[in-house]
Structure formats: structure tokens, C-alpha cells
Amino acid sequence: MSETNAEYQVRLDEMIKTGKLKVEYKDILLEIGELGSKACALGLISGLGWGEDANYIVLNEYEILDKDGIFLYFTLSEARDYLHNLIADS
């Protein structure tokens, strides 16, 4: 993640205010962000990002690009658990 955790929190808060993000998604997205940064730094994944609908509203979907270039699709909680286990197993 190119932004700091504090900047990411501000961005998520702004998205909540504008109706682009559900309040209940914020904490799990912060966890995924931290885990994703660690996994990228360890070379375990190549990238990641949340799913959005046609109106750019964040969905309960997350995409992870693994180190082999394969996209993996998860719910937010599944993505968090996957990243946690990936890092723990490395």
C-alpha cells in the first residue's frame, strides 16, 4: 500500500461519509490492508483490491493477485483469513 495507515483510515472515513463504503467494512479493510502490505513485502502476492459495483460502492468482495499472476476472489473475511494464513505459513 503506497499510503500510510493514517491516510488509508482518512480515505475510508471519507468513503463512509459519501456512502461509498459501509461502516462495518472499515475495520476488516484496515486489517486486510496491513496484511496485504506484509504479504506484498514478503513476495507472497503481487497485488490486491476490493470489488466495487457500477456506482463505485465497495462490495463484500476482495481480489488478490498471487505471486504466479492468478487472481483469487474472496469475501472480505475470507481475504483477511487467506492473507493471515499465507503469512503465517511463510
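The values are calculated or read from the model by the stated rules, or taken from the named source; none is laboratory data. No experiment lies behind these values; they were computed from the predicted model shown. Because the Cβ atoms are built from the backbone with ideal geometry, glycine has one as well, and the counts that use them run over all protein chains shown. Just so you know, the surface numbers come from the protein's heavy atoms only, side chains and all, with ligands and any DNA or RNA stripped out. Shrake-Rupley method; radii C 1.70, N 1.55, O 1.52, S 1.80 Å.
Overview of results
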read-out: Meets criteria (in a loop (DSSP other than H, G, I, E, B) and surrounded by 15 or more Cβ atoms within 10 Å (Cβ to Cβ)) for residue 21; value: yes
read-out: Within region 60-90, considering residues that are touching an Asp or Glu at 6+ places or on another chain (Cβ under 7 Å) and in contact (Cβ under 8 Å) with a residue 12 or more places away in the chain, the one surrounded by the fewest Cβ atoms within 10 Å (Cβ to Cβ); value: 73
read-out: Qualifying residue in region 24-41 (condition: of a type in the set (Val, Ile, Thr) and open to solvent by 60 Å² or more (accessible area, probe 1.4 Å)); value: no
read-out: Selection within region 1-51 - hydroxyl-bearing (Ser, Thr, Tyr) and without any contact (Cβ under 8 Å) to a residue 24 or more places away in the chain; value: 2, 4, 18, 46
